[in-house]
Each structure stands twice: as structure tokens, then as C-alpha cells.
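Okay, so here's the structure we're looking at.
The values are calculated or read from the model by the stated rules, or taken from the named source; none is laboratory data. In this text, all values refer to a predicted model and were calculated from it rather than measured experimentally. Here the Cβ is made from the backbone with ideal geometry for all residues, glycine too, and neighbour counts use every protein chain on show. Ligands, DNA and RNA are stripped out before the accessible areas are found, and what is left, the full protein with its side chains, is counted by its heavy atoms. Shrake-Rupley method; radii C 1.70, N 1.55, O 1.52, S 1.80 Å.
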Amino acid sequence: MIDKKRISEAVASIISSYKLPERPDGLYRPIEYALDCGGKRLRPSLLLASCMAVGGKIEEAESAALGIEMFHNFTLLHDDVMDRADMRRGRPTVHVKWNDVTAILSGDAMLTLAGSLITEVPDCVLRKVLAMFNRTAMEVYEGQQYDMDFEHRNDVSVDEYMAMIRLKTSVLLGCACAIGATTGGAGDKDVDAFYSYGENLGLAFQLRDDWLDTYGDAEVFGKAIGGDIVNRKKTWLLISALRERTEELSGILSEDLEDGELIRQVKEVYDSLHLSERCDVLINSYAEKAVSALDKVAMPDSDRKYFTELALSLSQRDK
């Protein structure tokens with residue numbers, strides 16, 4: 001039986017018990033710092049839960065779960081350097097606490113460690129799991145490149161944006177689920193179903209992130225509201241507004257406004273288009289697709305409840 005608390009404790013134990021070499025200190029301490037930052041640890045949790053749901057042994061999936069979390073945090077180290085982000089999960093980012101060179105090199109080490117951990121799955125599924133992991137890694141890099149490209153474009157379509165967040169965010173959740181199911185001994189159809197669950201969950205998750213950045217509570221969300229607007233970041237909200245109120249919104253964005261006033265005026269356009277409600281509908285539709293993807297997978301009702309409740313909680317989260 002999949003239990004939320006058991007999964008959470010297992011992930012925490014896997015991460016805390018992983019021992020890195022003592023030296024060189026400048027390479028390994030930033031990795032420890034990154035892994036100790038907490039966060040939702042959604043990807044390793046999904047991997048372990050998917051393995052258990054198909055009757056697999058959680059012990060056989062532990063190294064892969066750590067590998068997926070290591071890979072995810074590697075991407076964050078490099079993303080923070082590229083985005084010049086100062087804070088991550090309420091703490092200074094690695095490149096701020098140390099420097100850019102350290103963040104890049106420690107990130108490189110995390111990528112190699114992630115690959116090594118993934119190879120510790122049972123030999124019978126090693127080739128298949130490695131193929132999934134390597135394909136997903138390349139897709140994540142592609143997503144990051146599209147995201148950077150969009151910074152210099154004002155004609156990004158909603159379809160392009162959804163394709164980008166699928167690559168940058170969703171495929172790694174899908175991969176985590178698929179690796180877990182594969183390690184647990186599932187057949188191809190069930191593996192594909194778990195991948196679809198994670199992929200759609202990722203789309204709901206990222207869209208909710210967009211929504212929270214504009215409509216969330218700063219004290220609960222953990223960071224200032226409106227950052228995406230101030231940075232003119234291409235989100236579903238901004239792209240939809242630009243498409244439907246091109247002249248008005250472009251005029252606002254081109255003005256030299258104080259951050260608070262810019263956020264207020266852009267939100268007024270969003271509100272006039274009911275984008276908050278429309279985005280919420282879209283988020284729920286992807287959460288529902290995630291749940292329905294597992295309809296034909298045989299598993300105990302208690303396990304199915306775990307995946308259903310997870311999709312619901314992530315689609316309605318406030319931080």
C-alpha cells in the first residue's frame with residue numbers, strides 16, 4: 001500500500017543517507033547544500049510510488065529516485081546562474097552563496113552523479129531506464145533553450161508555450177513515473193500510462209506556478225508576487241493577454257512604470273479577460289487527464305487514491 005508519509009520518509013532517508021566525498025570541499029559542499037534545500041521532492045516520490053503501484057520493491061528503485069532528484073537539482077543550479085536568480089526555496093542560490101564557477105562545476109558533478117545513480121537499477125531494466133533518462137535529459141535542455149529564446153520574442157503562441165513547459169518541466173515528471181514503473185516490472189502499456197500521468201501532472205503543476213506568481217499570496221507562496229510580470233516572462237497568462245489585447249498590453253509593457261504599478265495595470269488586463277478563471281480551468285483539465293491516464297492500470301484502490309489526491313493537491317496548491 002502506498003502511503004504518503006512512508007514515501008516522504010523514504011525519500012528523506014535516501015537523500016540524508018547519501019554520503020559525498022569530503023574533498024574537494026569546494027565541489028561537494030555546494031551539492032550537499034542544494035540537496036538539503038528541501039522542496040517538494042516530487043520526482044523521487046513519484047518514482048518510488050510508481051514502482052510500488054505495480055508491485056515492485058521500493059529498495060530496487062531507491063538509487064534511481066536519488067538520481068532523478070540529483071538531476072533535477074543540477075538543472076536548478078545551472079538555471080539559477082542563467083536566470084541570475086538570487087533565492088531558491090528561501091535560501092541564497094549556490095552561485096550567490098559561492099560563485100558562478102562553483103555552481104557550474106558542482107552542477108556538472110551532479111549530472112554525472114545522477115547518471116551513475118540511475119545505472120544502479122536492476123540489470124534487466126538498465127538499458128530501457130538509461131534510454132528514458134538520456135532522452136528526457138536532452139528534452140529538458142531543449143525546453144530551457146526554448147524558454148530563453150522566448151525572452152526575445154513577443155509573438156510566442158500558447159501552443160509554443162505549452163510545448164516548452166512540457167519539455168522543461170513535464171517530461172522529467174513523466175520520466176520519474178516511467179522509471180519507477182519499469183523498475184517495478186510493469187509492461188510497456190502501463191509504463192506509458194504512468195509516463196502520461198506524470199507528463200500531464202507536470203503541465204498542471206507549471207500552469208499553477210504561473211498562476212501563483214500573479215495571483216498567489218506572497219506570504220504563503222514564499223516570494224514576491226508579480227515577478228513574472230516585472231520580468232516580462234512569457235507565461236500562459238501573458239501570452240494569452242498579448243494575443244487578445246495586443247495593443248493595450250504592449251503599450252503598458254513598453255512604459256517606464258514602477259514595478260507595483262506595472263503589476264497592477266497588467267493584472268487589470270488579465271482580470272478583464274478572466275484569465276485567472278480560465279487558467280484554473282486549464283490546470284484542472286490537465287490534472288484530470290493525469291488521473292484518467294491510470295484508469296486501465298491495475299492497482300489497489302488505496303494506491304490509485306494516492307495518485308488521484310496528489311494530482312488534486314498539486315493543481316490546487318498555494319505554494
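On inspection, LEU262 does not qualify as open to solvent by less than 10 Å² (accessible area, probe 1.4 Å) and within 24 Å of ALA290 (Cα to Cα).
For region 202-228, the set of residues classified as among the aliphatic types (A, V, I, L, M), modelled with pLDDT of 95 or more and farther than 19 Å from ALA163 by Cβ consists of LEU212 only. Region 175-286 holds helices (runs of 4 or more DSSP H) entirely within its bounds, and those carrying 3 or more residues that are in contact with a Leu (Cβ under 8 Å, 6 or more places away or on another chain) map to 188-215, 227-230, 236-244, 246-254, 259-272. May I ask you to verify whether ILE283 is touching a helix residue (DSSP H, G or I) at 6+ places or on another chain (Cβ under 6 Å) and either without any contact (Cβ under 8 Å) to a residue 60 or more places away in the chain or surrounded by fewer than 13 Cβ atoms within 10 Å (Cβ to Cβ) (or both)? No: the conditions fail for ILE283. Entry remark, region 287-313: residues being in a loop (DSSP other than H, G, I, E, B) and either of a type in the set (Lys, Arg) or over 21 Å from the mean Cα position of the chain (by Cα) (or both) number 6 in total.
Among the criteria (1) farther than 20 Å from GLY174 by Cβ; (2) surrounded by fewer than 21 Cβ atoms within 10 Å (Cβ to Cβ); (3) of a type in the set (D, E, K, R), the one ASP80 does not fulfil is (2).
Within region 124-158, the set of residues being open to solvent by 50 Å² or more (accessible area, probe 1.4 Å) and under 19 Å from the mean Cα position of the chain (by Cα) comprises ASN134, ARG135, MET138, TYR141, GLU142, GLN145, TYR146, MET148. From the list GLY251, GLY226, the lone residue that is among the small types (Gly, Ala, Ser) and out of contact with any helix residue (DSSP H, G or I) (no Cβ under 6 Å at 6 or more places or on another chain) is GLY251. Looking at the structure I just gave you, is SER170 of a type in the set (Ser, Thr, Tyr), touching a residue at least 40 places away in the same chain (Cβ under 8 Å) and either under 22 Å from LEU48 (Cβ atoms) or open to solvent by 10 Å² or more (accessible area, probe 1.4 Å) (or both)? Here the answer is no, as SER170 does not meet what is asked.
The rows are residues; the columns are (1) outside any helix (DSSP H, G or I); (2) in contact with a Pro (Cβ under 8 Å, 6 or more places away or on another chain); (3) at pLDDT below 95; (4) under 24 Å from GLY184 (Cα atoms).
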site	(1), (2), (3), (4)
ALA114	no, no, no, yes
VAL121	yes, no, no, yes
MET132	no, no, no, yes
ARG135	no, no, no, yes
TYR146	no, no, no, no
TYR161	no, no, no, no
MET164	no, no, no, no
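Does any residue in region 246-258 that is surrounded by 12 or more Cβ atoms within 10 Å (Cβ to Cβ) come within less than 8 Å, Cβ to Cβ, of a residue that is of a type in the set (Lys, Arg) six or more places away or on a different chain, and which pairs are these? The qualifying pairs are LEU253/ARG232. Look at ALA109 and say whether it is in a helix (DSSP H, G or I) and closer than 30 Å to THR308 by Cβ. Judged against the criteria, ALA109 is not a match. Which one is farthest from the chain's Cα centre (by Cα), of the residues in region 22-41 that are open to solvent by 60 Å² or more (accessible area, probe 1.4 Å) and closer than 24 Å to GLU59 by Cα? Step by step, filter region 22-41, then rank; the result is GLU32. Annotation note: Cβ proximity below 7 Å between a residue of region 45-61 that is without any contact (Cβ under 8 Å) to a residue 40 or more places away in the chain and a residue that is open to solvent by 10 Å² or more (accessible area, probe 1.4 Å) and part of a helix (DSSP H, G or I) (sequence gap 6+ or interchain) occurs for SER45/SER8.
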